[in-house]
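Trainee: Have a look at this one before I ask anything.
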Amino acid sequence: MSSIPSAERLIVALDLPTPAEARALVERLGDAVRFYKVGLELFSAPGCFELVAWLTARGHKVFADLKFHDIPETVRRAVANVRGRGATFLTVHGHRSVMEAAASEKGPMKILAVTVLTSFDQSDLDEMGATKTLEQLVLARAKGAVEAGCDGVIASGHEAAELKAEFGKRLLVVTPGIRPVGTDVGDQKRTVDVAGAFRNGADYIVVGRPIRAAADPRAAAAAIQDTIARIFPAVAGFP
């Protein structure tokens, strides 16, 4: 989606134990980052919603990565609670009733459906008794997301091209599992690098450890922003 400012296409994962540590990283990154992911680790810590308010007050966008997966009424009520707290994106798991419940209460917030976690591969699905291949399951869940009224999906860069070919601008594709070529991928199994993710059609990327663990996190983030600005020069907007 070309209307997305290129500097907002990088979402940095604040996967840290406390809001205080998250704030310190945000301050260290400065104007190199405009969009942050707040996940389960921080949402289970005291002061999380205050952190979200602090981020939005500074002009940042927030991705609430909560991956809701429960009975529809519980999901509906939980989404209603998150709505209005300042989050731009909220994740739910890609099951039809869950997605429909979330979409019914989203308001201005965008609902992203998790297709298959990037820490999973085909062997994990086989162990769970899946009857589809990984690629088939991602496509099926993306189709369900569109029909349920969701705004996008979480999918690896390996599936992004097929998703864009099938759904085009009807569905945002947000891609985690970003790793530079030749580096340790940790617990991720379906990884791509920054350029590969966008070349395959991702609208946003989520980057955590390659920035947080860098000797100079701001420089690492700025280098990614430079790559993104070269890919999307018409909407660069990065200082």
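The values are calculated or read from the model by the stated rules, or taken from the named source; none is laboratory data. Because the structure is predicted, anything quoted here is derived from the model rather than measured. Cβ sites come from the backbone with ideal geometry, for glycine too, and all protein chains shown count toward neighbours. Heavy atoms of the whole protein, side chains included, go into the accessibility calculation; ligands, DNA and RNA do not. Shrake-Rupley method; radii C 1.70, N 1.55, O 1.52, S 1.80 Å.
Trainee: For the range 20-42, does any single residue satisfy the condition of being among the basic types (K, R), open to solvent by less than 60 Å² (accessible area, probe 1.4 Å), closer than 28 Å to G168 by Cα and under 19 Å from the mean Cα position of the chain (by Cα)?
Mentor: The answer is yes, given that some residue of the range 20-42 is among the basic types (K, R), open to solvent by less than 60 Å² (accessible area, probe 1.4 Å), closer than 28 Å to G168 by Cα and under 19 Å from the mean Cα position of the chain (by Cα).
Trainee: With the structure loaded, tell me whether E166 is more than 17 Å from the chain's Cα centre (by Cα) and at pLDDT below 90 or whether it fails that test.
Mentor: Taking the combined requirement at face value, the residue does not satisfy it.
Trainee: Name the single residue that is farthest from A229 (Cα to Cα) among those in the range 57-70 being open to solvent by 50 Å² or more (accessible area, probe 1.4 Å) and not small (G, A, S).
Mentor: So, considering only residues that are open to solvent by 50 Å² or more (accessible area, probe 1.4 Å) and not small (G, A, S), the one farthest from A229 (Cα to Cα) is D70.
Trainee: Taking the range 70-116, which residues are farther than 24 Å from Y204 by Cα, part of a loop (DSSP other than H, G, I, E, B) and among the aliphatic types (A, V, I, L, M)?
Mentor: I71
Trainee: Looking only at the range 43-56, which residues are over 24 Å from R76 (Cβ atoms) and either assigned to a helix (DSSP H, G or I) or open to solvent by less than 10 Å² (accessible area, probe 1.4 Å) (or both)?
Mentor: Matches in the range 43-56: E50, L51, W54, L55.
Trainee: Is the range 98-109 home to any residue that is modelled with pLDDT under 70 and crowded, with 16+ Cβ neighbours inside 10 Å?
Mentor: Kept after step one, since they are modelled with pLDDT under 70, are these residues of the range 98-109: none.
No, the range 98-109 has no match at all.
Trainee: Sticking with this one: Being open to solvent by 10 Å² or more (accessible area, probe 1.4 Å) and under 16 Å from the mean Cα position of the chain (by Cα) is the requirement here; does R85 meet it?
Mentor: It is false that R85 is open to solvent by 10 Å² or more (accessible area, probe 1.4 Å) and under 16 Å from the mean Cα position of the chain (by Cα).
Trainee: Just to be sure, is A24 outside any loop (DSSP other than H, G, I, E, B) and touching a residue at least 40 places away in the same chain (Cβ under 8 Å)?
Mentor: It is false that A24 is outside any loop (DSSP other than H, G, I, E, B) and touching a residue at least 40 places away in the same chain (Cβ under 8 Å).
Trainee: Regarding the range 6-18, can at least one residue be identified that is out of contact with any Pro (no Cβ under 7 Å at 6 or more places or on another chain), over 30 Å from P217 (Cα atoms) and part of a strand (DSSP E or B)?
Mentor: Scanning the range 6-18 turns up no residue that is out of contact with any Pro (no Cβ under 7 Å at 6 or more places or on another chain), over 30 Å from P217 (Cα atoms) and part of a strand (DSSP E or B).
Trainee: Kindly indicate whether G201 is assigned to a loop (DSSP other than H, G, I, E, B), open to solvent by less than 30 Å² (accessible area, probe 1.4 Å), modelled with pLDDT of 90 or more and of a type outside the set (F, W, Y). Break it down stepwise before answering.
Mentor: Values: assigned to a loop (DSSP other than H, G, I, E, B): yes; open to solvent by less than 30 Å² (accessible area, probe 1.4 Å): yes; modelled with pLDDT of 90 or more: yes; of a type outside the set (F, W, Y): yes.
In short, yes.
Trainee: Do you know which residues across the range 169-198 are at pLDDT below 85 and either out of contact with any Ser or Thr (no Cβ under 6 Å at 6 or more places or on another chain) or open to solvent by 40 Å² or more (accessible area, probe 1.4 Å) (or both)?
Mentor: P180, V181, G182, T183, D184, V185, G186, D187, K189, T191, V192
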